[in-house]
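Notes for the one structure printed next.
The values are calculated or read from the model by the stated rules, or taken from the named source; none is laboratory data. Just so we're clear, the structure is a prediction, and the values are computed from it rather than from any experiment. FYI the Cβ positions are ideal-geometry reconstructions off the backbone, even for glycines, and counts take in every protein chain you see.
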Amino acid sequence: MYAVKAYMGSKINLAPETREEEVLQNLSILLSTPKFTVPLDRDFGLSQRFVDKPLPVAESLFRAEILDAIEKYEPRVEVENVTFEQGDAPGMLIPRVEVNILNDED
């Protein structure tokens, strides 16, 4: 099982050496990209509809958004768990997604 967080400024590797590295990088980028910011795929990323909501509501909306996006854009994983860490700013949620990478045959 692997744990992934939103992309936090490390370099993007355009030639990952392993399938696992590629999948985990894709997930990290997906988790950190706001919807409507990718010119040729405006649906890529996560909407911001959970911003300014009470934390329990925001977590539920955020979790659903994450699960939908991963199902659509990275079908090579199975999500085991989605949890949230508090960021530096009040009310800031940082998603932590635990996944299993599926075999090519799955």
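Being among the small types (Gly, Ala, Ser), in contact with a Leu (Cβ under 6 Å, 6 or more places away or on another chain) and in a helix (DSSP H, G or I) is not true of residue 64.
In the set (1) exposed (fewer than 13 other Cβ atoms within 10 Å of the Cβ); (2) of a type in the set (Lys, Arg); (3) over 15 Å from the mean Cα position of the chain (by Cα), the condition left unmet by residue 72 is number (3). The conditions of being within 15 Å of residue 24 (Cα to Cα) and either among the hydrophobic types (A, V, I, L, M, F, W, C) or surrounded by 13 or more Cβ atoms within 10 Å (Cβ to Cβ) (or both) are met by residue 102.
Scanning segment 52-69 for residues that are among the aromatic types (Phe, Trp, Tyr) and surrounded by fewer than 17 Cβ atoms within 10 Å (Cβ to Cβ) returns no hits.
Of all the criteria given as (1) assigned to a strand (DSSP E or B); (2) of a type outside the set (Val, Ile, Thr); (3) modelled with pLDDT under 90, the one not satisfied by residue 13 is (1). The selection criterion, being polar (S, T, N, Q) and crowded, with 18+ Cβ neighbours inside 10 Å, does not hold for residue 18.
Look at residue 80 and say whether it is more than 19 Å from residue 29 (Cβ to Cβ) and surrounded by 15 or more Cβ atoms within 10 Å (Cβ to Cβ). It is false that residue 80 is more than 19 Å from residue 29 (Cβ to Cβ) and surrounded by 15 or more Cβ atoms within 10 Å (Cβ to Cβ). When restricted to residues that are surrounded by fewer than 19 Cβ atoms within 10 Å (Cβ to Cβ) and at pLDDT 95 or above, segment 84-99 contains 1.
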